[in-house]
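S.K.: Mind looking over this structure? Questions follow.
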Amino acid sequence: METHPHAPYYTPLPEQPSVACPPANLRRPFKGFALILASVIFLLSLVGLIINQSQEPLPTSPNNDNIPSSSLSSPSSKNTTSFSGGGMPRGVAEGVSAKSNPSQFDQEVSYNWTNAMFSWQRTSYHFQPIKNWMNDPDGPLFHMGWYHLFYQYNPDSAVWGNITWGHAVSRDLIHWLYLPFAMVPDQWYDINGVWTGSATLLPDGQIVMLYTGDTNQSVQVQNLAYPANLSDPLLLDWVKYPGNPVLVPPPHIKPKDFRDPTTGWIGPDGKWRITIGSKINTTGVSLVYHTTDFISYKLLDTLLHAVLGTGMWECVDFYPVAINGSIGLDTSDDGPGIKHVLKASLDNTKLDYYALGTYNPVIDKWTPDNPEEDVGIGLRLDYGRYYASKSFYDQYKKRRILWGWINETDTESDDLEKGWASVQTIPRTVLFDNKTGTNIRQWPVQEIESLRQTSTHFENVLIEPGSVVPLDIGTATQLDIFAEFETELLESGGEEEGYSCSGGAVNRSTMGPFGLLVIADDSLSELTPVFFRPTNTTNGTLDTYFCADETRSTLAPEVLKHIYGSKVPVLEGEKYSMRVLVDHSIVESFAQGGRTVITSRIYPTEAIYGSAKLFLFNNATGVNVKATLQIWQMNSAFIRPFPL
């Protein structure tokens with residue numbers, strides 16, 4: 001295997017790609033009528049010119065010095081507070097987290113996207129609607145042989161608004177069939193949006209769905225819905241309880257700080273519990289209610305938990321994990337050998353945090369194992385583009401399944417032009433990590449392996465310091481990658497305090513970074529490194545960071561490009577290992593069996609279709625790296641309307 005010809009000079013990972021050059025002209029998949037199409041395009045262009053004659057394109061800067069590069073912490077420049085479409089992000093005035101992105105520039109800039117580029121961005125095996133906007137996953141459940149996913153959806157546009165519950169079903173969590181809408185905003189208590197909710201399966205087979213509605217007075221209330229026909233495997237029709245709302249904000253909670261009820265669980269007294277996220281001043285809180293019928297509720301005087309300074313808690317999730325088990329647990333399970341996960345989506349930061357702890361069902365109080373890694377200040381479910389996650393217990397295969405929303409990082413105008421926005425992650429199983437005892441492990445559901453096609457194996461590939469090695473696998477757009485790395489120290493490694501993911505893949509140290517370059521073109525003008533960075537500390541230990549660097553993922557200037565990552569535990573005797581799912585514009589990366597996970601959202605302009613390649617790289621200064629890989633090409637999932 002040959003080293004990439006650019007490796008000796010280490011130009012493959014420049015500090016910033018040039019954005020001055022125009023995008024390559026890709027051949028459109030037209031197979032006839034070229035003259036007619038050209039005439040139509042000319043006429044449309046002429047009309048557009050007449051309509052927009054007063055608008056001039058923004059000049060392109062001769063250099064890249066004014067283009068910000070995102071880091072692990074958001075910069076404090078004024079540009080981070082401006083949003084496409086206005087000064088306030090979409091959704092904030094309505095009382096939910098921001099649903100539009102900050103602009104990189106004082107005026108909106110757009111790359112010269114082509115239809116071929118937009119088409120390539122659509123995923124092939126992640127769930128997304130045919131068109132328009134999607135956000136939070138809602139009420140996932142398994143019923144009569146079908147997995148059900150509900151989701152926040154705008155049937156009218158590719159931006160947030162008019163939130164309705166989309167509905168899809170699957171036999172295997174991979175191939176999906178779209179169904180008619182489950183619920184639409186048509187009552188006074190949800191006329192401004194049918195927002196996030198959760199399903200609870202009762203022992204007698206009933207299904208109750210609690211969801212947040214935004215009323216005609218913009219008050220967040222909790223509502224009850226249930227299937228019209230439980231014998232229908234598709235659960236096509238849903239009935240809203242005529243006595244809705246069943247819960248309104250208590251007196252000490254503001255009307256826009258009361259949302260996203262959880263799945264219910266039964267306590268030792270036989271009563272059901274639910275928890276709802278909120279805040280009191282700047283303290284994030286989880287309110288607890290008791291109920292016996294999901295219609296009447298009693299608010300407890302005590303909180304399930306609260307953390308100072310974390311702000312509004314959205315999409316709270318609460319569930320048990322077995323300390324020494326390999327299966328998931330029902331939400332009501334409790335007793336010896338069980339810990340409880342408490343997760344909150346932080347409105348202030350748009351990040352999903354979790355912590356492990358102990359739940360006392362008698363007083364309905366949860367206590368974190370490590371107060372220094374409490375909810376909102378410690379571990380995150382995913383260190384990338386990921387929010388509003390929702391889990392459920394799969395009683396069919398006895399596992400806990402986790403969904404998460406992958407939002408866009410381009411502009412609203414780009415989303416409107418391509419006609420869609422947002423994707424759901426591949427469903428993940430969740431287990432307690434009994435090797436570390438301090439974290440959970442997330443892993444793609446086993447069913448994803450049914451999409452594997454041809455595979456290629458590489459054994460002990462040597463990657464010398466400062467080198468890039470191409471992997472001959474053909475097109476690298478849809479992949480399932482397993483990679484293990486071993487290092488050989490070439491020089492003594494002293495203390496290297498200060499190294500982490502910040503600075504990205506170009507920031508060289510003795511022992512890192514090294515890993516993969518995914519969605520990269522041959523010239524390496526676009527690439528997304530997914531990598532490890534081991535670092536010697538002052539106390540003689542070795543810290544390892546797992547990172548993903550989007551800063552050179554696209555030549556498009558308006559796209560937000562972040563460097564994501566965190567520490568990952570690597571135990572004695574373990575090799576550095578990662579699994580990476582590549583699906584066009586989505587890259588989901590799992591380190592050390594899923595202890596640390598990063599989801600990347602990328603928008604390449606050159607590294608698309610047959611030009612998307614895969615490379616190994618080692619940008620350390622003092623170690624040789626050997627890599628062993630198993631790589632599968634992935635088929636597309638069948639995601640279509642149900643033939644009703």
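S.K.: Within the stretch 310-333, name every residue whose backbone N is under 14 Å away from a label modeled 7 Å from Cα of Thr282 along the Cβ vector.
M.R.: Of the residues in the stretch 310-333, 310-312 have backbone N under 14 Å from the label point off Thr282.
S.K.: Go from 0 up to the bin containing the longest alpha carbon distance in the stretch 315-416, width 5 Å each, and give me the % of pairs per bin.
M.R.: 2, 12, 20, 21, 19, 12, 6, 3, 3, 1, 0
S.K.: Another question about this same structure. With a 1.4 Å probe and all protein chains left in place, how much of the accessible area of the stretch 423-480 comes from carbon and sulfur atoms, in whole percent?
M.R.: Ligands and nucleic acids excluded, carbon and sulfur reach 43 percent.
S.K.: How large is ³J(HN,Hα), in whole Hz, for each residue of the stretch 88-95 in order, when computed from phi with the Karplus curve 6.51 cos²θ - 1.76 cosθ + 1.60 and θ = phi - 60°, using x for Gly and Pro?
M.R.: Here the 3J(HN,Hα) series is 9, x, 4, x, 5, 4, 7, x Hz.
S.K.: While we're looking at this one, here's another question. Which of the listed residues, Thr275, Thr310, Thr291, is farthest toward the dipole's positive end in the stretch 271-324, when Lys, Arg count +1 and Asp, Glu count -1 at the beta-carbon?
M.R.: Positive-end residue among those listed: Thr291.
S.K.: Would you list which lysines come within 22 Å of Lys613, measuring only between C-alpha atoms, while excluding same-chain residues fewer than 8 positions from it?
M.R.: Within the straight-line limit of under 22 Å, Lys613 reaches these lysines: Lys561, Lys626.
S.K.: Using only the alpha-carbon atoms, what does the stretch 126-173 span along each of its principal axes? Please give whole angstrom values in decreasing order.
M.R.: 33, 18, 13
S.K.: In addition: What do you get for trypsin sites (Lys or Arg not before Pro) in the stretch 253-284 restricted to DSSP loop and a cutoff of at most 15 other Cβ within 10 Å of the site's Cβ?
M.R.: Answer in residue order: Lys271.
S.K.: Moving on to the next point. With each pseudo-label sitting 7 Å past Cα toward Cβ, what's the Lys131-Thr475 distance in nm, one decimal?
M.R.: 2.5 nm
S.K.: Ok, one more. Can you give me the orientation-averaged projected area of the convex hull built on the Cα atoms of the stretch 424-466, in nm²?
M.R.: Taking a quarter of the hull surface, the average projection is 6.4 nm².
S.K.: Can you list the trypsin sites (Lys or Arg not before Pro) in the stretch 292-356 that are in a DSSP coil and have 12 or fewer other beta carbons within 10 angstrom?
M.R.: Here no loop site has a sparse enough neighbourhood.
S.K.: Related question: Suppose every K and R has +1 on its Cβ and every D and E has -1 on its Cβ; what is the size of the dipole of the stretch 420-541 about the Cα centre, in Debye to the nearest 20?
M.R.: In total the dipole reaches around 500 debye.
S.K.: In whole percent, what relative contact order does the stretch 138-264 give with Cα contacts below 8 Å and a gap of six or more residues?
M.R.: 20 percent
S.K.: May I ask you to work out the translational diffusion coefficient for the stretch 459-536 at 4 °C, viscosity 1.567 mPa s, via Stokes-Einstein with Rh from the Kirkwood sum over Cα pairs, reported in whole µm²/s?
M.R.: For the chosen part, D equals 91 µm²/s.
S.K.: Give me the net charge of Gln442's neighbourhood, meaning all other residues with Cβ under 14 Å from the Cβ of Gln442; Lys, Arg count +1, Asp, Glu -1.
M.R.: +4
S.K.: If we count every other residue with Cβ under 14 angstrom of Lys390's Cβ, Lys/Arg +1 and Asp/Glu -1, where does the sum land?
M.R.: Residues near Lys390 contribute -4 overall.
S.K.: Can you bin the stretch 596-644 into rounded, prolate or oblate? Criterion: square roots of the alpha carbon gyration tensor eigenvalues sorted a ≥ b ≥ c, rounded for a/c under 1.5, prolate for a/b above b/c, oblate for the rest.
M.R.: prolate
S.K.: ³J(HN,Hα) across the stretch 361-372 via Karplus (A = 6.51, B = -1.76, C = 1.60, θ = phi - 60°), whole Hz, x for Gly/Pro?
M.R.: Karplus-based 3J(HN,Hα) across the stretch 361-372 equals x, 6, 9, 6, 10, 10, 10, x, 4, 10, x, 6 Hz.
S.K.: May I pose another question? Can you tell me the Rg and Dmax of the stretch 515-644, counting just the alpha carbons, in angstroms?
M.R.: Looking at the stretch 515-644, its Cα Rg and Dmax stand at 16.5, 64 Å.
S.K.: Suppose we keep just the alpha-carbon trace of the stretch 236-343; what are its Rg and Dmax in angstrom?
M.R.: 15.1, 45
S.K.: Hey, can you grab everything whose amide H is under 5 Å from the amide H of Tyr241? Only 5+ residues off in sequence or another chain; H modelled, so Pro and N-termini drop out.
M.R.: Answer set, sorted by chain and number: Leu224, Ala225, Tyr226.
S.K.: Using unit Cβ charges (K, R positive; D, E negative) and no other charged atoms, how large, in debye to the nearest 20, is the dipole of the stretch 254-373 about its Cα centre?
M.R.: In total the dipole reaches around 320 debye.
S.K.: I would also like to ask the following. For a quick check: with amide H placed at 1.01 Å from N, whose amide H comes under 5 Å from Ser422's, ignoring anything fewer than 5 positions away on the same chain?
M.R.: Glu408
S.K.: Moving to a separate point now. Rg/Rh for the stretch 95-228 to two decimals, with Rh computed the Kirkwood way over all alpha-carbon pairs.
M.R.: 1.03
S.K.: How high is the FRET efficiency between Met88 and Thr621 when r is their beta carbon distance and R₀ equals 51 Å, given to the nearest 0.05?
M.R.: 0.65
S.K.: Hey, another quick one. Counting only protein heavy atoms and using a 1.4 Å probe, what share of the accessible area of the stretch 95-175 belongs to carbon plus sulfur, as a whole percent?
M.R.: C and S fraction of accessible area: 46 percent.
S.K.: I'd like the distance between the alpha-carbon centres of the stretch 477-547 and the stretch 235-296, rounded to an integer number of Å.
M.R.: Centre-to-centre (Cα) distance: 44 Å.
S.K.: Would you mind giving the three semi-axes, in whole Å and largest first, of the ellipsoid equivalent to the stretch 149-215 according to its Cα gyration tensor?
M.R.: Equivalent-ellipsoid dimensions as semi-axes: 22, 18, 8 Å.
S.K.: Looking at the P(r) of the stretch 188-303, how many percent of alpha-carbon pairs lie beyond 20 Å?
M.R.: 41 percent
S.K.: Right, something else. Which trypsin sites (Lys or Arg not before Pro) does the stretch 552-583 hold that lie in a coil by DSSP with at most 14 other beta carbons within 10 Å?
M.R.: When the trypsin sites (Lys or Arg not before Pro) of the stretch 552-583 are filtered for loop state and at most 14 Cβ neighbours within 10 Å, Lys575 remain.
S.K.: Let me ask something else about it. Each residue of the stretch 580-587 in order: what ³J(HN,Hα) in whole Hz does its phi give by Karplus 6.51 cos²θ - 1.76 cosθ + 1.60, θ = phi - 60°, with x for Gly and Pro?
M.R.: Along the stretch 580-587, the couplings run 10, 9, 10, 9, 6, 8, 10, 10 Hz.
S.K.: May I ask for the net charge around Lys256, where only other residues with Cβ less than 13 Å from the Cβ of Lys256 are counted and Lys, Arg are +1 while Asp, Glu are -1?
M.R.: Net local charge, Lys256 excluded: -3.
S.K.: Under the rule of at least 5 residues apart or a separate chain, name every residue whose amide H is placed under 5 Å from the amide H of Lys398.
M.R.: none
S.K.: Please list log₁₀ I(q)/I(0) at q = 0.15, 0.17, 0.18 Å⁻¹ for the stretch 373-498, using the Debye equation with identical point scatterers on the alpha-carbon positions.
M.R.: -1.17, -1.26, -1.27
S.K.: Further, regarding this structure: Which entries of Lys343/Lys390; Lys343/Lys365; Lys99/Lys567; Lys279/Lys339 show an alpha-carbon separation above 19 angstrom in the structure shown?
M.R.: Those over the limit are Lys99/Lys567; Lys279/Lys339.
S.K.: Multiply the residue gap between Leu202 and Tyr609 by 0.36 nm, knock off their C-alpha separation, and tell me the result in nm, one decimal place.
M.R.: Taking 0.36 nm per residue and subtracting the Cα distance, the gain is 141.8 nm.
S.K.: Can you tell me, using C-alpha contacts under 8 Å and at least 6 residues apart, the relative contact order of the stretch 490-644 as a whole percent?
M.R.: So the answer I get is 28 percent.
The values are calculated or read from the model by the stated rules, or taken from the named source; none is laboratory data. If you're wondering where the values come from, they're calculated on a predicted model, not measured in any experiment. So basically every Cβ, Gly included, is an ideal-geometry build from the backbone, and we count neighbours across all protein chains shown. Surface areas here come from the heavy atoms of the whole protein model, side chains and all, with no ligands, DNA or RNA. Shrake-Rupley method; radii C 1.70, N 1.55, O 1.52, S 1.80 Å.
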